Amino acid sequence: MADPEEPTRSLVGLSEAPRPTPAGPGHPFAIDDDRRYRELAVVGAGGLGTVLLARDARLDRDVALKRIGPGVDQDAAGARFLREARITARLDHPGIVPIHDAGLSADGRLYYTMRLIRGQSLADLARAATDGAARLELVAALTAACHAVGYAHRHGIVH
């Protein structure tokens with residue numbers, strides 16, 4: 001049994017002894033939901049939603065924030081958007097972007113956040129591959145995408 005006088009050792013190495021955690025109004029975890037994400041730039045848009053680069057103030061990281069796009073009927077698209085977020089959140093595969101959070105913004109728009117993936121899309125890489133050798137270099141990325149879609153299919157999801 002551990003000696004109660006001995007300092008506690010953290011399993012993650014963050015502290016050698018217990019320390020009180022400030023949880024007052026200035027603490028990052030106390031940031032309310034309406035101020036948690038700061039939108040920085042639009043990174044993509046589709047028929048249902050817009051994807052933004054956003055800053056998560058609680059966890060001090062950049063995320064991708066997807067929300068129902070402007071001009072889209074929130075009520076009509078809401079059920080589909082919720083279904084998309086929930087299905088994606090249940091899929092655990094290295095080729096499927098994980099969902100971090102979901103909610104309703106102060107202006108009443110549904111959103112969810114995901115890991116931010118930086119880089120070029122496979123479509124952009126394919127357009128830039130002008131010869132056979134360059135196209136062959138894309139086979140591994142295409143195969144990885146096929147594995148992710150196959151994983152979703154095995155779990156009853158058709159994209």
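Leaving ligands and nucleic acids out of the surface, order Thr113, Thr130 by accessible area at 1.4 Å, largest first.
Thr130, Thr113
Expressed as an acute angle from 0 to 90° and rounded to the nearest 10, what is the orientation of the C-alpha long axis of helix 74-90 relative to the principal long axis of the chain?
Compared with the principal axis, the helix lies near 70 degrees.
Out of Asp33, Asp92, Asp131, any idea which swings most in a Gaussian network model of the chain, alpha carbons joined below 10 Å?
Residue with maximal mean-square fluctuation among Asp33, Asp92, Asp131: Asp131.
Considering only the other residues whose Cβ falls under 12 Å of the Cβ of Ala129, what net charge follows from Lys and Arg at +1 and Asp and Glu at -1?
Net charge around Ala129: -1.
Per-residue accessible area for Ile117 at 1.4 Å probe radius, Å² rounded to 10?
Rounded to the nearest 10, the figure is 100 Å².
Just read off the accessible area of Arg61 with the full protein assembly in place, 1.4 Å probe, to the nearest 10 Å².
80
Give me the extension gain from Ala141 to Ala128: residue separation times 0.36 nm, minus the current Cα-Cα distance, reported in nm with one decimal.
3.2 nm
Residue separation times 0.36 nm, minus the C-alpha to C-alpha distance between Arg118 and His93: what's the value?
The span from Arg118 to His93 would gain 7.2 nm if fully extended.
Could you order Glu137, Glu84, Glu39 so the one with the most accessible surface comes first? Probe is 1.4 Å.
Largest accessible area first, the residues go Glu137, Glu39, Glu84.
Compute the distance in nm between two label points, each set 7 Å from the Cα along the Cα-to-Cβ direction, one at Ala30 and one at Asp73.
In this crude spin-label approximation the distance works out to 4.4 nm.
Could you rank His93, His159 by how accessible they are, 1.4 Å probe, largest area first?
His159, His93
The values are calculated or read from the model by the stated rules, or taken from the named source; none is laboratory data. Given the structure is predicted, the values throughout are model-derived calculations rather than measurements. Quick reminder, even Gly has a Cβ in these numbers, built from the backbone with ideal geometry, and neighbours come from all protein chains shown. In case anyone asks, the SASA skips ligands and DNA or RNA and just uses the protein heavy atoms, side chains included. Shrake-Rupley method; radii C 1.70, N 1.55, O 1.52, S 1.80 Å.
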